[in-house]
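Only one structure is covered here, and it is reproduced in the block below.
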């Protein structure tokens, strides 16, 4: 399941920032620079999507792929 980022109003944003900084200082939470659970994003084109193809003038042209 994918959850979208929620925006906060400026007042609540300050309160949340203060709480997060406090938790970082007390080591309730901590930064993770590398974890086997975290990986880089890999973009994969969908079937039947658009791809970019170079023409004879070396210009990129969007082309719809055909899969059956």
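A short reminder: the numbers here are calculations on the coordinates, not readings from a lab. None of these values were measured; they are calculated from a predicted model. Here the Cβ positions follow ideal geometry from the backbone for every residue, glycine too, while neighbour counts run over all protein chains shown.
Ordered by the count of other Cβ atoms within 10 Å of each Cβ, fewest first, 3, 19 give 3, 19. Ranking of 37, 23 by neighbouring Cβ atoms within 10 Å, starting from the fewest: 37, 23.
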